[in-house]
1. In this structure, is THR538 among the polar types (S, T, N, Q), open to solvent by less than 10 Å² (accessible area, probe 1.4 Å) and within 24 Å of GLU302 (Cβ to Cβ)?
2. Only one of ASN149, ASN170 is in contact with a strand residue (DSSP E or B) (Cβ under 9 Å, 6 or more places away or on another chain), in contact (Cβ under 8 Å) with a residue 40 or more places away in the chain and closer than 17 Å to MET541 by Cβ; which?
3. Would you please list the contacts, defined by Cβ atoms under 9 Å and residues six or more apart or on different chains, that run from a residue in segment 382-399 that is over 18 Å from LEU198 (Cα atoms) and without any contact (Cβ under 8 Å) to a residue 60 or more places away in the chain to a residue that is among the aromatic types (Phe, Trp, Tyr) and open to solvent by less than 20 Å² (accessible area, probe 1.4 Å)?
4. Out of the helices (runs of 4 or more DSSP H) lying entirely within segment 413-492, which hold 1 or more residues that are at pLDDT 95 or above and over 24 Å from the mean Cα position of the chain (by Cα)?
5. Check off (1) under 18 Å from VAL6 (Cβ atoms); (2) of a type in the set (D, E, K, R); (3) open to solvent by 10 Å² or more (accessible area, probe 1.4 Å) for ASP116 and give me the number that stays unchecked.
6. Kindly indicate whether ARG219 is under 25 Å from the mean Cα position of the chain (by Cα) and either assigned to a loop (DSSP other than H, G, I, E, B) or within 16 Å of TYR345 (Cα to Cα) (or both).
7. Identify, by number, the condition in (1) farther than 15 Å from ALA128 by Cβ; (2) among the charged types (D, E, K, R); (3) touching a strand residue (DSSP E or B) at 6+ places or on another chain (Cβ under 8 Å) that ASP204 doesn't meet.
8. Among the numbered conditions (1) out of contact with any Leu (no Cβ under 7 Å at 6 or more places or on another chain); (2) open to solvent by less than 10 Å² (accessible area, probe 1.4 Å); (3) within 17 Å of PHE7 (Cβ to Cβ); (4) of a type in the set (Gly, Ala, Ser), tell me where ALA128 comes up short.
Amino acid sequence: MSSLIVFRKNSAKAERLKRFLEPRTSLFHHLDVPGFPDLDLVLWAAEQSGTALLLPLGGTDFIAVCGTLFFKDQTGAEAARALHTSFDAARFNWADCTGQFTAVIGKAGKLHVVNDGLGSWKLYSDAAGSFISAGYLEAMLLQDRLSFNMQGVYEYVFTGFVLGQTTFLNQISALMPHHVAEWRDNAFRTIEKPTPILPTVRRDETFDDMVELQLSTLRKRFSKFAHLQPGDVTSSVSGGFDSRLMIALFKEFGLRPNLFVYGPDDDEDVAPSKALAKYFELPLNHVDRSTFTQPEHIPTPEDVLYYFDGWKDDGLSGFEHDITDRKARTANAPYMANGKCGEIYRHYYYQHVGKGGIGLDAFVRGTFGRHIPQMVTPHFDQSAFEEQVTSAFRALTGFSGKRLSQPDLDYLYPKVRICHDAGRDITVNHRFSHALYPFAEAELSGPALALNYRERLYGKLEAHIIAAIDPELIKVPSAYGYDLLAGPDFSYRLKMAASYHRPQWLRTAIPALKTILSPAGGIDMSALPEVALVDDKTLPMMRQYFNLGHVCDRRTASRIYTLEMLGQYFGVINR
């Protein structure tokens, strides 16, 4: 990954950043911000130096970019230069920008920081506006003192992310999506811009019209990759819709990605992925992590901070092999692709709410507040927790009413899920190379919002898009076990109906019910590999928030270890 931070000059903090980052990086720039003598800029790249760009553009004008930026059909330095030339803070709307990135733009005596329009690459700051950072690591390194935010701790452990501006540390806040930061009056101040998600208004278009519309927007999106070399891309794949759709479109534009699939031989994704690779005559690397032995050198907390920006949405599960694996995946390709976010064409939340909709409070509680009551200590105030989650949810979405309709639920995927769940994966993967997430784009999400409930159901419309590209590809076996064009049989539909029509109180109670019904009991926290990342194995910081003997979910356990590692490494206090 590349990353960057702009901050008020402070020699001690600059030295702290330099001491941690510079010895590890493939590229490291520390410079005065041109035209702004009170500011420093640190720009760096972890593995591939080309993922960070710094372009002086005459006088005090410049642009610095980390990540993968496309401007119209351009990328690299050409895209950065074009963004700078066209940039006008008053009119900027992301219409010509795709990819996931952060850019610092110095132009005509003003300084702005922008990221991608969906906010997939999060930006961080503090209450005083003393810095803007593209990485959580740099934001932590900049602080003299850190304390846990109770709300953020619980949200992260329950879901893998924290909604809105809050993070799990009080001193660091996240910028909201579609905001631009401007240095003004000795602080970074944010300017809200209209969301780039522009829903297509549907009138009398037929199902076939919808297939044609979505396919045309997809081809426009993937055409931006036509200048890449055939072997420039590597991609993990699965047995679902999105992998085959992505690979088919790559093929149309001359790309032949090197494929990876993960899981044991009997995993539901392995056989379909092998069939997919055979159909396209592409190389497939089958990685079964269950056969891995303990590596000779366990990654240190410093390694985890550097390569994972301190944390991942699933905690640090698999950290002992993950760094090596991602390096291997990108060893011979400058771009790592991922089909995540293809759910814009399907149902992500698996809920049919009917004409009356669903109560917003009930939805938020059942989606973002599910937990095991026995797992939390008396510090947890459920009412206050739910109130803050709901407030952040409303701020993110702009919803002011009491109920959500079916189209509202569809809107939540690009508006909330992409920038929180997928966004973290995008940031981490940029530690290793450029990253392509073709479906995580406003230019695709807007037209996709025109799809109705039945067109999304069981991937019906997505299957027809794939068939329109390649009629034979749709016949390649999938992980779903049914003919993708014909749709599932009655038994599958009946099973899924239990999810689509499950009442909210039951959704909320599922984690606790699973715990009650599980014969295994809690996880032995001391037996997890993450124990190597902390000095005090009793996890004293997280014990104040969680009854560790009641932790029954592997990812939950790993997230707890993540926060404990950060707490012990940085000397975070509980408050």
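The values are calculated or read from the model by the stated rules, or taken from the named source; none is laboratory data. Predicted, not measured: the structure shown is a model, and the values here were computed from it. Here the Cβ positions follow ideal geometry from the backbone for every residue, glycine too, while neighbour counts run over all protein chains shown. Calculation scope for accessible area: heavy atoms of the full protein, side chains included, ligands and nucleic acids excluded. Shrake-Rupley method; radii C 1.70, N 1.55, O 1.52, S 1.80 Å.
1. Numbers: among the polar types (S, T, N, Q): yes; open to solvent by less than 10 Å² (accessible area, probe 1.4 Å): no; within 24 Å of GLU302 (Cβ to Cβ): yes.
No, not satisfied.
2. On the way: ASN149 fails: in contact (Cβ under 8 Å) with a residue 40 or more places away in the chain.
Answer to the selection: ASN170.
3. Listed pairs, sorted by first residue: GLU386/PHE368; THR390/PHE368.
4. On the way: elements: 423-429, 442-448, 453-456, 460-469.
Result: 453-456, 460-469.
5. (3)
6. Values: under 25 Å from the mean Cα position of the chain (by Cα): yes; either assigned to a loop (DSSP other than H, G, I, E, B) or within 16 Å of TYR345 (Cα to Cα) (or both): yes.
In short, yes.
7. (3)
8. Of (1) out of contact with any Leu (no Cβ under 7 Å at 6 or more places or on another chain); (2) open to solvent by less than 10 Å² (accessible area, probe 1.4 Å); (3) within 17 Å of PHE7 (Cβ to Cβ); (4) of a type in the set (Gly, Ala, Ser), only one is false for ALA128: (2).
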